[in-house]
Amino acid sequence: MDNTIDSKVIGRRYNKTGGHRVAVTNLSQAEINQLYIIKEVRTDDIELKDFLFTLGCYEGEEVTVISILAENYVITVKDARYSIDRELAEAIIV
């Protein structure tokens, strides 16, 4: 069976086969091809926060990590793909 999001536990993954919930705090810890809901963008850098907002990364939005290569994360937000570095991935709390 496929992994799905437990609608009652945002930011956690529910695996139907094992019934285990895996806590994830930010996108750098996310699993590939797993849908997450953004809880917040946590950073003191206003420019960084504004940049992520222009990509569509804000509270309540869905995000998926497509691939990770050399600490670069390819993510999907609002049907668009972006490549972000680890610092940006750590700022996106899911």
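Read-outs: derived from the displayed coordinates by stated rules, not from any lab. None of the values given here were measured: they were computed from a predicted structure. All Cβ positions, glycine included, derive from the backbone under ideal geometry; neighbour counts span all protein chains shown.
Could you list Ile92, Ile37, Ile75 so that the one with the fewest beta carbons within 10 Å of its beta carbon is first and the one with the most is last?
Sorted ascending by nearby Cβ count, the order is Ile37, Ile75, Ile92.
Obtain the radius of gyration and the Kirkwood radius of region 25-93 from its C-alpha atoms and give Rg over Rh.
Across region 25-93, the Cα-based Rg/Rh ratio is 0.91.
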